[in-house]
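Below is one structure, written out as structure tokens, with a few remarks after it.
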Amino acid sequence: MAINLNTAMDTLGTALAGITGLRVYDYLADNVAVPAAVVGLPQPLTYDHTHGRGTDRATFPVYVVVGKVSDRAARDALAVFCDGTAGATVSVKAALDAVPGCRVMDVDFSNPVMSIAGADYLAATFHVDLVA
Amino acid sequence: MANEHGSVSQILIHDGSSLRNISPYVKTIDNNQSRDANDTTTKGATGKTYRGGLTDGEVRLTGLWDDTASVGTRTVFATIKATATGGIQTIEVGMEGIATGDIKESFAGVLTQYDESSPVDDMVAFTATIKISGAITIGTF
């Protein structure tokens, strides 16, 4: 146990790859093809959640971005991935909650427009709690 | 001599078959020990006097509920709870770790309390209280 950063981000990426139509980057990509999920670096990764280097705890940001084709269409596209009641092939929460020790705590829209490689996208930031 | 960070402490509990290191699932280890002070005060004394009597103590653990085979906290404590008396033949506590030469306190005990909690926004957790039975042996790992 204890979190290996590479393994953890790969694992989150693998879980997200099960979502239909979502392109997944398990690293901070310089350029993306939308709709995309980008697994960010943990904020923070806290060591020693239990004794004996048993487990660590980390909060991973997962950024989901969709194209701003039109305001309403972009909102509708993003909302699908944010649906907390849908299954693991649709919902970011369902897909990541299925990972052992993992829970999507919330989704944040405080930075609704994310610029990647000079293009603006409508964005949601999921905060993922991982204990492993 | 040196102080130690709490993250290095470990605890092993005998489940009736083997000594199990449950430390990877434990967040706090409280090792509380006491001794009776039997009153020996007699007339004419200006201050109370005592003589040390029997020792007593308990170990309280908190941590993550885990059903990993053999060594998970739920697994180990379920095995102990299923016994007729809840007795534990050996508990070993290493406050500075369990490397060769590290200080070891070992004793028998009785599981007197085991609680599980499941907050909606955090990990399923457990707490356990083990009453120390008999003398504590201090040695090294």
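The values are calculated or read from the model by the stated rules, or taken from the named source; none is laboratory data. These numbers were taken from a predicted model, which means no experiment stands behind them. Here the Cβ positions follow ideal geometry from the backbone for every residue, glycine too, while neighbour counts run over all protein chains shown. Protein only, heavy atoms only, side chains kept; ligands, DNA and RNA dropped before computing areas. Shrake-Rupley method; radii C 1.70, N 1.55, O 1.52, S 1.80 Å.
Points worth noting:
- FRET efficiency, 1/(1 + (r/R0)^6) with R0 22 Å, evaluated for A:His127 and A:Arg72 via beta carbons: 0.25
- Calculated P(r) tail over 24 Å for the protein assembly as shown, as whole % of Cα pairs: 60
- Take B:Arg74: with every protein chain present and a 1.4 Å probe, its accessible area is about 110 Å².
- Neighbour net charge for A:Asp129 - beta-carbon separation under 14 angstrom, K R +1, D E -1: -3
- Rounded accessible area of B:Ile11 (nearest 10 Å², 1.4 Å probe): 0
- Relative to the dominant Cα principal axis of chain A, helix A:71-82 is inclined by about 20°.
- Per-residue ellipticity at 222 nm, computed for chain B from helices alone with -39500 (n - 2.57) per DSSP H run of at least four residues, works out to -2000 deg cm²/dmol.
- Summing +1 for each Lys or Arg and -1 for each Asp or Glu among the other residues whose beta-carbon sits under 13 angstrom from that of A:Tyr63 gives -1.
- Normalised by residue number, the volume inside the convex hull of the Cα atoms of the range B:1-140 is 166 Å³ per residue.
- For the protein assembly as shown, the antiparallel share of DSSP beta bridges with both residues in that region comes to about 95%.
- B:Ser133 long-range amide H proximity, modeled H, under 5 Å: B:Ala108, B:Gly109, B:Val110
- Taking 17 Å as the straight-line reach from the Cα of B:Lys131, the lysines in range (excluding those fewer than 8 positions away in the same chain) are B:Lys81.
- Global form of the range B:78-141, assessed from the alpha-carbon gyration tensor, a/c cut-off 1.5: oblate
- Per-residue mean of foreign Cβ neighbours for B:24-37 is 2 (Cβ atoms of other chains, 10 Å radius).
- For the range A:1-67, a Kirkwood radius taken over Cα pairs fed into Stokes-Einstein (37 °C, viscosity 0.692 mPa s) yields D = 258 µm²/s.
- Sites A:Gln43 and B:Ala37, calculated FRET efficiency, Cβ-Cβ separation with R0 45 Å, nearest 0.05: 0.30
- Long-range HN-HN contacts of B:Asp66 with modeled amide H, under 5 Å: B:Thr73, B:Arg74, B:Thr75
- Summing charges over neighbours of A:Asp97, with a neighbour being any other residue whose Cβ is under 12 Å away from its Cβ, gives +1 when K and R count +1 and D and E count -1.
- Residue by residue, the range B:126-141 carries 3J(HN,Hα) couplings of 9, 10, 9, 10, 10, 7, 6, 10, x, 7, 9, 9, 10, x, 9, 6 Hz when phi is fed to the Karplus relation 6.51 cos²θ - 1.76 cosθ + 1.60 (θ = phi - 60°); x denotes Gly or Pro.
- A:Cys82, A:Cys102, reordered so the largest accessible area comes first (probe 1.4 Å): A:Cys82, A:Cys102
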